[in-house]
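Contents: one structure, followed by commentary.
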Amino acid sequence: MSAERVPSHRDDAALDERELQILAFEARAWQHPGAKADAIRQEFGLSAARYYRILGELIDSPAALRHDPMLIKRLQRMREARVAARSRRSLSIGRPLD
């Protein structure tokens, strides 16, 4: 098994073929997370965790933003919403119930 690297982008770097495939894959509508995780394994030969690490790098990539600004902005908003929800949950854990 070879070690997969998470891409690191400079501002002027172009996206490689796998990165373009990941963005196209992410643009699809998924009704069930399990179906998406299975498709990730089949199409990319990656675990879902590894796929999402690579996707996280792509979301921050200027090249990906230039390639598909609407998709990248949507993914950034979704990530920010997940972070905010996680933060709210962690803040409410220590609070006494009213």
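Where a number appears in this text, it was derived from the coordinates with a stated rule and is not lab data. Since the structure is predicted, the reported quantities are computational estimates derived from the model, not experimental observations. We place every Cβ from the backbone using ideal geometry, glycine too, and count neighbours over all the protein chains shown.
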For residue 65, state whether it is closer than 19 Å to residue 17 by Cβ, over 12 Å from the mean Cα position of the chain (by Cα) and not in a helix (DSSP H, G or I). no
If we scan the stretch 16-32, do we find a residue that is assigned to a loop (DSSP other than H, G, I, E, B), touching a residue at least 24 places away in the same chain (Cβ under 8 Å) and among the polar types (S, T, N, Q)? no
